Amino acid sequence: MQFAKFFLTEYLDTEHTPWSALVEDYVYPSDHFVVAHLPDGTQVEFSENTWPIQGRERGISQRKVIYLGYAREQTDVDWGTNIKQSKSILLALDRHAFKSPGTPLGVDSINRYNLVLQKTRMYCYQQEISVFQALSSAKHVQGIHQLCLALAKSNAAALKDLLPKISMIPFRYLGFKPATAQFKPASTSKNTKNDQTLVIPTAIYVELLLGYKKKIAGYLEHRGQLQDLAQLISWNHRPGETSSEAQGEAFNTAAARYNLTDYLETNNITDKKELLGHFGVINYCAAMLIYAFTGMRRSELYSLRLSAFRKDVKAGVVISRSLYGFTTKLHKRRKYVSWYSSADIEMPFAAASHVCKTILTCNEIIPDDQYVFISTAYFPFSNTLLDPATISSEEPVAGNYEPSRFQRRLSTPFINTEDMKELKNVDPLRIWDVSNDIRIGNAWPLSIHQLRRSTAVYAIRSGIVTLPALKLMLKHISIVMTKYYSGGSIHAPDILKAFSGNKDSMVALFQESERHVASWQYTNEVVMSEETLYGAHGAWAQIHGKKAVLKLSYAERFEETLKRVKKGQLSYRATPLGGCTSNSICTKRISVDLLGCDGCASAVVIKPKLLKLIALQNLTVDACDQGSMEHTAELQTQHELSSLATRLGIQA
C-alpha cells in the first residue's frame, strides 16, 4: 500500500513528547502536557480541543489551527475516552511520524487525519467501542471505511494512508496495534484516468471568463461610491440597537445618496450583509481571472501583496506585465517569483486591491503593503468580526474565495451536447457515463484547479508556447508534470479562435514566458556552455558571441540575452541536435528530418545532444525487424547521423 514518506523521530526526554524512547509501556499523555504555544506565549495543553500549530504553514491561506471535536458530537461517558485516544494518535503522528529528518507533518496533513478520527469516533459511538479497539480490528476498520465513503470520500482515502503510517509507530507511542485491512473499492466504477482534473470546455471556459470580467468592470466603475457606502455603514454600525426595518431604510437612503441604487439592484444587494457578500464576489471573480491568466496555484494567489503588480514600460510602450509573489512548490519554502501575463490581469488585480484598501479604510488603517486577498470578515459590519490588528501581520486571515462558496451568486454555464463531445475528444479514456456531475443539462462543476489545467491544455493546443515555457509559467518542478497537465491538448479546440480575433488576451500570457525560456536556454546552452559548439551559429558564437560577454556575470549575461530576445534580435529554441536561432517557420526541424539542422546558418549543434541522438537511433535500429522498410529507413538515418558526427570531428 502506498503512503507518504515516514521518518521515525524519537526523544530520550519528555520535553517534546509525553513518551520517552527509553520506556516500553504506553501511557496516556497527561492532560497538562503542553502541545503548543499561542503567539503571545500562552500554553495550550493536551486537554484542550483546539490546537494551534504555528510556524509550519508557508502561505497565508493555509490552516493554522486543528479543531479536534465536531459539531453535535455526543459527550456521554465514552466521549472522554474516545477524544483522548484520538488526540493521543494525532500527537504521536505530530511528534514522531516526520516526513523527513527535522520536518514534521504539515498542518493540513494532521487535520486530514483528524477528520478521519472524527469519523472513527462516530462509528465508535454506534458500536459502543473505543477508538483503539476500532482501529485494532479489520472488521471495524472496514465499517469506518464504509462510513467515510458515505459521508466524505476524501476521508476514506485518508484512512487508507493513516493505517500504514501509524503501524510504523512503536507501541509505546501509539498504545495499540493497528489492523491490516483490505479495503473494498467504492461502489462507483472508476479508472485512474478519471482522477485527472477536468479541462473546462471552450464555450464554458470563455463564458466564465467574460462573466468575471463583466462583474469586475462594473465594480471598478462604481468603486468610489461603494467605498464611501462601506465607510458610512462601518461608522454607523450599531449591532442590536436598531430594528431590521430601520437598518433597511438607512441602507436604501445611503445607497441613493451615493447614486448606487441601480447598481445595487442589478447585483441583488438589499442590505449590508449582501454588500459584504458582494465584496467577496468581486474578490472571487478577480481571483478566478488571475488563476486563468497566470496559471497560479491557490496558495500562490494568496501570496500577492498590494505592490505585487508590476509593469515594464519603455518609451511609452508596455513591454511586460507581471505579478510578484512567492511559491512554495519548487523548494518547499518561500521562493519569490514573477508570473508574467497580459493586460487581462490589470483590472482583476486593481479590483481586488481596491476591496483590500476599502477594508483597511473602514478599519482606519493606512494601506501599506498588506496581503490582497484577506477575508471580507474584516469589515466592521461583518457578523463574524475579525481582529483588525492582524490585517497588517504576516498571518492575516485569508478569504475563502472558492467556487463552492461564490459561483452560485453568478451565472454558471450549463453543459450541452457540444460540450460533452469536446470533453470526450480531449479525454477519451475517461469513463464519462459514471459521473453524475458531468451530464447534459447540469451546471458545470467548477474548481480552481480546472482553470490551471485548462490554461495548460489550451496553451499547448494554440501552438504559441513550448513545454519549457509552460513549465516556467506554471512553476512546475518537472517538465513531466507539465506534460501531464497538458495531456489531451492535441484534441482540444483552439481557444484563441473563441476570442473573436482578439488574441492579445491569451497570446501575451504565454509569449512572455516563451521569451524567458528562450533567453535561459540560449544563455546556458550557448553563451555559458563549456562544450565546443558546432553548426554555423554555434561556430560563430564560439568565436564572436562569447567574447562580448566574457567579463559579465551570469545574471548580466542572461539580462543581455533577454533584451535581444525581446527586441526580436535573437530567437532560440531547442532541437534534437542542439538549438536553432531562426524565427522563421522550418519545414525540416524536429518533426520531418532530424538532420534538417545540418548546414543551416541558424543551427547550433551541441556534442552531448548529438551523441544522445545517435545512441537513441541505434536502439531504434535494433528494435526494427531486419529487412523491413522501417529498418532500412532507420538504418539510413543512423548512417547520416554518424556521418555528421564524423564531419564535425566528434567521436560517436
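The values are calculated or read from the model by the stated rules, or taken from the named source; none is laboratory data. These numbers were taken from a predicted model, which means no experiment stands behind them. A quick note on method: Cβ atoms are made from the backbone with ideal geometry, for glycine too, and the neighbour counts reach across all protein chains shown. In case anyone asks, the SASA skips ligands and DNA or RNA and just uses the protein heavy atoms, side chains included. Shrake-Rupley method; radii C 1.70, N 1.55, O 1.52, S 1.80 Å.
Protein chains only, probe 1.4 Å: how do LEU264, LEU386 rank by accessible area, largest first?
Numbers: LEU264 5, LEU386 45 Å².
Output order, biggest surface exposure first: LEU386, LEU264.
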task: Can you send over the solvent-accessible area of TRP51, 1.4 Å probe, protein chains only, in Å² to the nearest 10?
output: 20
task: Sort the following peptides by mean Cβ neighbour count (other Cβ atoms within 10 Å, averaged over residues), highest first: 98-104, 451-457.
output: 451-457, 98-104
field: Exposure rank, largest accessible area first [THR390, THR358; 1.4 Å]
entry: THR390, THR358
- request: Quick one: of LYS215/LYS424; LYS215/LYS335; LYS84/LYS165; LYS99/LYS612; LYS87/LYS335; LYS213/LYS335, which pairs are farther than 28 Å apart, Cα to Cα?
  value: LYS215/LYS424; LYS215/LYS335; LYS99/LYS612; LYS87/LYS335; LYS213/LYS335
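When the dipole is taken about the Cα centre of the stretch 228-380, and only Lys, Arg (+1) and Asp, Glu (-1) are charged at their Cβ, what size is it in debye, to the nearest 20?
In debye, rounded to 20, the stretch 228-380 gives about 1220.
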field: Exposure of MET347 as accessible area (Å², to 10), given a probe of 1.4 Å and all protein chains
entry: 90
message: What is the percent carbon and sulfur in the accessible area of the stretch 247-356, measuring with a 1.4 Å probe over the protein chains and ignoring ligands?
response: 49
message: If amide hydrogens are placed 1.01 Å from N in the peptide plane, which non-local residues have theirs closer than 5 Å to the one on THR575?
response: CYS580
task: Would you tell me the accessible area of LEU210, worked out with a 1.4 angstrom probe on the heavy atoms of the protein chains, in Å² to the nearest 10?
output: 100
query: Dividing the convex hull volume of the Cα atoms of the stretch 310-388 by its residue count, what figure in Å³ per residue is obtained?
result: 137
- line: Once THR532, THR646 are ranked on solvent-accessible area with the largest value leading and a 1.4 Å probe, the list reads THR646, THR532
